[in-house]
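First the structure, in the form of structure tokens, and then the observations on it.
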Amino acid sequence: MDKKQIGLTLKQQRKRLGWTQKELAKGICSQALLSHLEAGDYMPAAHIFIALYQKLGLTESLMTLETYFPISSTPALNDRCESLCRAHHYDALKKFLLADETINTIRDTDFQAYYYYLGVAQIQLGDPLAAKVHLKLALAETEKTSAIARLSLACLGGIAAQAQQVKEATDYFDQAFDLLNETANSRYDENVNALFYIKAYSQKLLKQNTDALNTLEAGIIFAANHHSHYMISNFYYLAALLVDADISKQYQHNSQLFESLYHEKVFDNI
């Protein structure tokens, strides 16, 4: 785990909100400890990490991309799309994508990104049926092993998981991960790290907590093998939630993951 990256995430979000360390630490930990955590000196304990993330609004359902796919030949529109995605302003993102001035500038080669972003916005706005239509259109516009195709398949798996459709979710994730290591070795895109997060989050929705922890462990290894830190803090946060929900059962099967996440032995004293 990368203590520096986790600390940087906490610090950047705190500053975006205009908070002092004292304001963020209040009711959670000492200001001195928060200062050390932001500096990357320590790995936060699970309960502190969860509390800080939740207070900062960095919840399990929020996810951004490391780099964004262009949708237009107009740089300003690409920048607008990225800023709305990063801020999780999904209603504004949907309106932006459906505006004539946006649609009229989209190049044929960039429709896959356009449909992907529209599908993601619709998922977040609670419209899974429309999201499925646009995510499938994104798949039709690109090769199946591209990052956009894999992310679209994973999002479709997430939609199925929300509906408790286990087989359909499994099928989509099998497609999303098909030959992932082989293609990543030749043309790695950091955005594919998010596949592990989406799959683990979906397994959490399906109450498959042990499988979710194993997926997060695989994601940590995958990112490390490609010298990437992207999504690591998200992996850690989701794992902390899973452990907190059922620690006595999970630790028996995932002691290695616990040790890599917390840098300490885990004991069952419940």
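The values are calculated or read from the model by the stated rules, or taken from the named source; none is laboratory data. This structure is a prediction, so every number in the text was calculated from the model and none was measured. Counting neighbours? That spans all protein chains shown, and the Cβs are built from the backbone with ideal geometry, glycine included. The protein model used for the area step is the full one, side chains on, heavy atoms only, and it has no ligands, DNA or RNA in it. Shrake-Rupley method; radii C 1.70, N 1.55, O 1.52, S 1.80 Å.
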Extension length gain for residue 100 and residue 83 (0.36 nm per residue less Cα distance), in nm, is 4.2 nm
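Could you work out Rg/(2.2 N^0.38 Å) for the stretch 89-238, with Rg from alpha carbons only? It would help to have the intermediate numbers written out before the result.
Numbers: Rg = 15.4 Å, N = 150, 2.2 N^0.38 = 14.8 Å.
Compared with the compact-globule rule of thumb, the stretch 89-238 sits at 1.04.
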Which values of log₁₀ I(q)/I(0), to two decimal places, follow from the Debye formula for the chain at q = 0.08 Å⁻¹ with a uniform point scatterer at every Cα?
-0.34
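Rounded to the nearest 0.05, what FRET efficiency do residue 91 and residue 41 have when you use their Cβ-Cβ distance and R0 = 35 Å? Present the calculation step by step, with values, prior to reporting the outcome.
Numbers: r = 39 Å, r/R0 = 1.12.
Between residue 91 and residue 41 the formula returns 0.35.
Per residue Cα convex hull volume for the stretch 1-149, in cubic angstrom? All intermediate terms of the calculation are to be shown ahead of the outcome.
On the way: hull volume 20.1 nm³, N = 149.
Residue-normalised Cα hull volume stands at 135 Å³.
Rank 89, 36 by accessible area, highest first, at a 1.4 Å probe radius? Mind showing how you got there, number by number?
Numbers: 89 100, 36 75 Å².
Most to least solvent-accessible, the answer reads 89, 36.
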Return the calculated 222 nm mean residue ellipticity for the chain, to the nearest 500 deg cm²/dmol, obtained by summing -39500 (n - 2.57) across DSSP H runs with n ≥ 4 and dividing by the residue count.
-20500 deg cm²/dmol
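Report, to two decimal places, the Cα Rg of the stretch 96-173 normalised by 2.2 N^0.38 Å (N = number of residues). Kindly include the intermediate steps, with their values, before the conclusion.
Details: Rg = 12.6 Å, N = 78, 2.2 N^0.38 = 11.5 Å.
The value comes to 1.09.
I'd like to check one number: the per residue accessible area of the stretch 156-241, probe 1.4 Å, reported in Å² as a whole number. The partial results should precede the final answer.
Details: 3530 Å² over 86 residues.
Per-residue value: 41 Å².
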Heavy-atom accessible area of the chain with neighbours in place, 1.4 angstrom probe: carbon+sulfur share in percent works out to 51 percent
